[in-house]
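Taking it in order: structure first as C-alpha cells, then the write-up.
The values are calculated or read from the model by the stated rules, or taken from the named source; none is laboratory data. Here the structure is a predicted model, which means the values were calculated and not measured. With ideal geometry, Cβ positions are generated from the backbone for all residues, glycine too; neighbour counts draw on all protein chains shown.
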Amino acid sequence: MATELEIKLTLSEPAQARALEWLLARPEASEGPRKTLINRYYDTPDAALNRAKAALRVRQAGDRFIQTLKTKGEFVDGAHRREEWEWELAGPELDLSLLEQTPLHGQVDLSALALAFETNFQRQVVMLESGSSVIEVAVDSGDILGGGRSLPLREVEFELKAGEPGELMRWAKALACEVPVFLNLVSKAEQGYFLAGIYRPEILVSSEPLSVTKLLHTLSVSWLTGEPVKLPHTALSAITKAASAAGFDTEWQELNHSLQSGTTTDDLIQKFPELGRLQLALALVG
C-alpha cells in the first residue's frame, strides 16, 4: 500500500496545450513518455465500491496491465491524499485474490464485480525536479465512457513522488498564473460513475457557513452535473474571511455575487479566468 498525494486541474483544450508548452519550458522539467492508457473500472450491481468511496480498475498501458485500488481519502491544502494498492497482472482480467489483503475483503462481494465504465486517454508525463522534491505531472486528454455516454477528459495532475508537499501547490499556482484552470475535486472514477448512472451527487444548500473544502466540492459537483449553485450570504461568510486572508478580496467579491445570485460552475469558468487561482489560494488558507 502507498499514499498518493496529488492536485488535479481541469482545463479547456487550448489551455491544456498551453499548459504543456509552459511546463516543458521550465528549467526544472524533463519530458517523460507519452502513453495511451485504457482503464476499466469495476463495481458490483448495487455499487458497493462506490458506496465505500473506493475505486477499482485495471489499466492497460501497452503490453502492461496494472490492477489498482484507491480509497477516497481526504482533501488537504488543495491536494488529494489517498491510500492506493497496485499490482502487476499477466493480462486484462481482474485478480480477485489480490483484494483479500485490502479493506474490501469482507465488505464487498468480490465475485459480483463487473465492468462499470472506462476512462481512455493519452498521457504526456513531465517530471519536475527542484531540490529534494520530485513531482510527476500527468497531462491527460481523452474520454470517459459510461452508460452509453461520454465526457471529454482534459486534466493536468501534479503528483508528489518525493520531497515537500508544499511543492505541489507551488507548481499548481504557478501554472494557474499562466492559463485558466479549475481545481476539480471530482475524480475520473466519480465522473465515470456519474455517466453510468451509478452516482449522482447533489448540491445541498444550508445557511450555515461553508468550509473552503465544502465550497470547492460544491463547485466540482456543479461542474459535473450542470446543477446551478445558489448560496445565501451566511453560507459564504467564512469564505469571505479566507479570501481576504489570501489577498483575493476583489476576485472573491465578484464570485460571491454570482454565487448568491445563482450560477453554474461552467458559467463561472467562462466568466472568471482567475477562478482557479482563487480556488488554490482558498485551499491553502482554508
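Assorted remarks:
- Residues in region 160-190 that are under 14 Å from LEU128 (Cβ atoms), modelled with pLDDT under 95 and within 16 Å of the chain's Cα centre (by Cα): LEU160, LEU168, MET169.
- Every condition in (1) buried (at least 16 other Cβ atoms within 10 Å of the Cβ); (2) small (Gly, Ala, Ser); (3) not in a strand (DSSP E or B) holds for ALA116 except the one numbered (3).
- Segments classed as helices (runs of 4 or more DSSP H), wholly inside region 194-286, with at least 3 members that are outside the structural domain of ALA15 (by TED's automatic domain parsing) and within 25 Å of GLU155 (Cα to Cα): 212-225, 249-261, 265-271, 275-285
- Top-ranked residue of region 119-147 - restricted to ones that are acidic (Asp, Glu) and touching a Leu at 6+ places or on another chain (Cβ under 9 Å), ranked as surrounded by the most Cβ atoms within 10 Å (Cβ to Cβ): ASP140
- Count of residues meeting criterion [closer than 28 Å to LEU98 by Cβ and touching a residue at least 40 places away in the same chain (Cβ under 8 Å)] in region 109-139: 15
- Among the candidates ALA162, ALA176, residue that is buried (at least 22 other Cβ atoms within 10 Å of the Cβ) and farther than 20 Å from ALA116 by Cβ: ALA176
- Of the strands (runs of 3 or more DSSP E) lying entirely inside region 1-70, the ones with 3 or more residues being within 27 Å of LYS173 (Cβ to Cβ) are found at 2-10, 29-43.
- None of GLU178, GLU157, GLU164 is charged (D, E, K, R), outside any loop (DSSP other than H, G, I, E, B), out of contact with any His (no Cβ under 6 Å at 6 or more places or on another chain) and assigned by TED's automatic domain parsing to the domain that holds GLU83 except GLU157.
- Applying the condition of being modelled with pLDDT of 90 or more and in contact with a Gly (Cβ under 8 Å, 6 or more places away or on another chain) to region 38-86 and asking which residue is nearest to LEU98 (Cα to Cα) yields PHE65.
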